[in-house]
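The structure appears below as structure tokens.
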Amino acid sequence: MLSNYLKIAWRNIVGNPLFSAINIIGLAIGLACCIIITVFVQYESSFDKQWDNADRTYRVTRDFFSNNLRLAAVAPPIGPLLAEDFPEIEAYTRALGAGDVGMSVDQEQFMAENVAIADPNIFEFFAFEVLHGDAATALEDPSNFVLTRSAAEKYFGTDNPIGRRAVFMGQAEATVAAVIEDLPSNTHMRFEMLLSIRSIPLMMGPTALENWGSNNYYTYLRLPEGYAPEDLSSRFPAFIDKHQGAGRSDSNALNLQRLTDIHLTSNRDAEWRENGSLATVYTFSAVALVILLIACINFMNLTTARSTQRAKEVGIRKVVGATRGQLIFQFLGESTLLVALAMLLAVAIVELALPFFAAFLELPLSFSLANPETLGVLLVGVVVVGLFAGSYPAFYLSHFRPVEVLKGQATGGNSGLLRKGLVVFQFATSIALLIATGVVMMQMQYVRNIDLGYDKANNIVLPLPFFAPLWETYEPLKVELETHPDIVSAVYSSRVPGMLNLDSGVYIRGDEQITDESMVGISDIKVDYQWFDHYNVEFLAGRSFRENERRIEMPTDEQPVTQGAAILNESAARRLGWSPQEAVGQILRQLTSSGTEKFIEREVVGVIPDIHFASLHNEMKATLYAEPNPVYNRQLSVKVDARDPTSAIQHLEDVWARMLPANPVSWEFLDDNFAALYRSEQRQAQMFGMFSAFAIFVATLGLFGLASFTTERRTKEIGIRKVMGASVRDIVLLLTRDFTGLVLLANVIAWPAAFYFMSDWLNRFVYKAPFAEWAWLFIVSAFAALAVAWITIAVQASRAATARPVMALRYE
Amino acid sequence: MIEMHDLNKVYRTGNVETTALSGINLEINNGEFIAIMGPSGCGKSTLLNVMGMLDTPTSGRYGFQGDDVANYAEAKLADIRKRNIGFIFQSFNLIDELTVLENVALPLLYQKMPSRERRELAESVLERMGIAHRANHRPQQLSGGQQQRVAVARAVITQPSLILADEPTGNLDTGNGEEVLDLLNQLNADGTTIVMVTHDPSHSDHASRVVHMLDGRVLTENVTSVQEARRA
């Protein structure tokens, strides 16, 4: 029985090459997309599950309400104080992401990337594989550090540099105490070097670890098994009030994140590295399933379309005793066999395509058939898809009554209507995907072309070593740089455009008393006095800083009030209740961390428009630009005016090497940094484009098959019409007309759906392309879908129409 | 009207050649009623198809109203066809999806006649054929005889000078068959040239001339009793 079914199934597949090819290719593409996306999803959800007790390890995060900051890291005293106040916390550990740090080994300069400064017990939380030395005790000593294997090889040329020494920022010397394996790629952490947190008081001052304003320490807690994190986090507001002062929990809050949730759900400011996104995972899973669904619909449509071919077989089988159940079983077997063949092709496609996909996403994705679990999943996939795709055709084909079939009376019934509905669905999803791709690309375009309010072109930016003894060097460095004819100007600032600015201060209007209501939180950026000229920022009112306004004194016990200047952006002026013109000349008091008695009095000297300082994902904030201060000279911007910047860059590197010999130079073009801000969207756009192309291709395959069957079914009609004088054009029009209606209907469905989803997607951006800029996509997508449908059908139709009419009538 | 000289039609299927028509010489004049007879597979239908330009000869000359159409392109043939020839088939060849009226009006559609005129003309022809009351039915709802009358109506609606009928009575009972033949006789009497393929010797009596075929060749041309009677 089974072998008979298999034989018939096989003959059906071989005997209908067009039908089989369309189904196998379509299903293979759908299955391949699903496999690739599954591999991707599996990888994305594997983050940080490898650590011991990962399910009860939490990261503490901090929110500041006044300037809408959602930080992934907290201040250094928070970890120890939490552990002290809440004895149920089993352990805590902290790590400061220090970014790139200059380092020298035997006089050779390096820029150590992603240096972290951590508590000695970090290895208890994260069991990195230790290759050399004793990691557990390595960071007890403030002058020790730990490297990853690649870093050891890169900086010491050996994988065992235990005992070798390195000098950080030209000053602090440290010894290699352990080497660990490189970090797995599926962790939210990123570092190649760990320094001891005990070195921080030595480098940054004895109270550095007690600073509640330095929210740069990723802090992890281990809670007891079965402990609900809410039981702890509900007591955080009281904790803040206790340590920071009553009522402070109104302005900031602490939260807990499960370690394993960080990668997909945390999208906070100052994350350790760019995290994944649950929305992306869902979106691409949905798109892959849609492609598979379109392929399944092809199978359903093509099978029922040629049902008259099978009707006779069904009738005869029933006459000789087959039950409906047996026939359903037979047809399901056929669909499953077909899906199995498609799966073989899909696996081949995955083997070929996955390396490209992985390289494109820069993720270590892999797929291996050697894994029995994978094989099992694929088999289950074959059966599920086979049963799903085959279900409707099986029930439909098996319902024919033998008498009618054998008398030739069995007709398509209402399957024609369902078929049309499914074609509409296929095209609607394809069109929606096409529009979605277009909108994503339009938004990218829009972001690239938006007027940022300043001129970022031709700027080279360099981070400066954060090391007090070097500060005196920065002024002469700038002067030296500007001697080169191609260098227009060089300016310092605490941040450069494109960076997220997390610095902020508390300000009060000079004419108001210090109360909770009068205190306003405003972001601040410290900039060089020619910074606004350098970046071509226009002034709404007032003027830029003057040379004599540089370097103000911090308030001290002896001099509790010091004077300075400030430039506001429009939002900041508005927050303080001033128009740009009113603001100029006003006095602002900037509170310091050492109480309300000590403050800086700043005179507002100018107001600039709100400029898009950070990525367009973020809103423009109320911002105060403060006068330059060597402590905050963290970034150097160098504007080059030359078609070929090579000579200027050479000069820059030479001057740097001469004046900052202990620190390696590292520069980037600001434009490149900006491009990187939107890279994940750019990639999403490209992936979307790829997937839409697949969806449309599979839908077109189906339409091609359907058109060919329809044409075949109408051969006689075409013949008669031709005998009656119809031209080729008449026939092609006749056959395309029906499908044209379906594609138009598909547009009616796709348009609102695409509009809804894409408006929602655009809401992720603070600055989004207006509808007018992408409305044309709807029309273009409609025409594209129509064109594809017409070409597909016209090819079929013209073949039938140009045949001599006697051919059409002969089969009588 | 029709002149065929040494006309051949050969079908090739793979390496096998089948000669359907071999050295056909035939002349048909305006106003004739020709019956083509012969056993199954002798080439009757092929001859009719070539005559109706539904198929092209492999070699030879086919003159239609003075033009040698043997090598005309399909589009040109379609044009001559729709202006001059009406077809009637054994299996009626009506389009199931169209109503009786629409089926009859179909040839006018392709002559770009406005829809109102098409409708009026089709109604009048149906009236003449005595099936006007079925105008809005579908072909399957009609008896065989009625369907064939619809087919005849469709063939004559363009007032063709030539009607080709391929066993028009083959699927009909005797009564209905006679009715169709009467219709054809009437058309012939009105001046339309008719070429009819038939198996039935009794039907050939309606013709003015009978062409006998065997194995793709024309055997004899008999002048039938009707014609003899007329001559007499």
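What to note about this one:
- Residue list for the range A:351-370, restricted to those being within 19 Å of residue A:28 (Cβ to Cβ) and either touching a residue at least 24 places away in the same chain (Cβ under 8 Å) or among the β-branched types (Val, Ile, Thr) (or both): A:353, A:354, A:357, A:367
- Helices (runs of 4 or more DSSP H) within the range A:216-275 that include 1 or more residues in contact with a Gly (Cβ under 7 Å, 6 or more places away or on another chain) and either among the basic types (Lys, Arg) or surrounded by 15 or more Cβ atoms within 10 Å (Cβ to Cβ) (or both): A:262-265
- Residue list for the range A:422-455, filter: in contact with a Lys or Arg (Cβ under 8 Å, 6 or more places away or on another chain) and assigned to a loop (DSSP other than H, G, I, E, B): none
- The range B:14-51: number of residues that are of a type in the set (Gly, Ala, Ser), more than 14 Å from chain A (Cβ to nearest Cβ), closer than 11 Å to residue B:216 by Cβ and surrounded by fewer than 21 Cβ atoms within 10 Å (Cβ to Cβ): 2
- Taken over the range B:52-78, the criterion of being at the interface with chain A (Cβ under 8 Å from one of its Cβ atoms) and not in a loop (DSSP other than H, G, I, E, B) is satisfied by B:74, B:75, B:78.
- Test: residue A:127 is modelled with pLDDT of 90 or more, outside any strand (DSSP E or B) and of a type in the set (Gly, Ala, Ser): yes
- Subset of the range B:181-213 (residues that are buried (at least 18 other Cβ atoms within 10 Å of the Cβ) and either modelled with pLDDT under 85 or of a type in the set (Ser, Thr, Tyr) (or both)): B:192, B:193, B:198, B:203, B:204, B:206, B:208
- Pairs with Cβ under 7 Å, 6+ apart, first in the range A:637-661 and closer than 20 Å to residue A:476 by Cβ, second in a helix (DSSP H, G or I) and β-branched (Val, Ile, Thr): A:659/A:473; A:660/A:473
- Any hit, the range A:661-669, residues being surrounded by 15 or more Cβ atoms within 10 Å (Cβ to Cβ) and either in a helix (DSSP H, G or I) or within 14 Å of chain B (Cβ to nearest Cβ) (or both): no
- The range B:169-200: number of residues that are of a type outside the set (S, T, N, Q) and within 14 Å of chain A (Cβ to nearest Cβ): 2
- Some residue of the range A:192-212 being over 28 Å from residue A:364 (Cα atoms), of a type in the set (D, E, K, R) and in a loop (DSSP other than H, G, I, E, B): no
- Residue check, residue B:99 surrounded by fewer than 20 Cβ atoms within 10 Å (Cβ to Cβ) and more than 12 Å from every other protein chain (Cβ to nearest Cβ): yes
- Taken across the range B:127-138, residues that are within 24 Å of residue B:52 (Cα to Cα), without any contact (Cβ under 8 Å) to a residue 60 or more places away in the chain and away from chain A (no Cβ under 14 Å) do occur, with at least one present.
- Only one of A:644, A:654 that is assigned to a helix (DSSP H, G or I) and either closer than 14 Å to residue A:497 by Cβ or not aromatic (Phe, Trp, Tyr) (or both): A:654
- Among the residues of the range A:724-762, none is identified as crowded, with 22+ Cβ neighbours inside 10 Å, closer than 19 Å to residue A:784 by Cα and within 12 Å of another protein chain (Cβ to nearest Cβ).
- Unique match (being among the small types (Gly, Ala, Ser) and not in a helix (DSSP H, G or I)) among A:97, A:79: A:97
- Residues of the range A:1-54 classified as closer than 30 Å to residue A:124 by Cβ, touching a residue at least 12 places away in the same chain (Cβ under 8 Å) and assigned to a helix (DSSP H, G or I), total: 3
The values are calculated or read from the model by the stated rules, or taken from the named source; none is laboratory data. Worth saying up front: this structure is predicted, and the values here are computed from it rather than measured. All Cβ positions, even for glycine, are placed from backbone atoms using ideal geometry, and neighbour counts span all protein chains on display.
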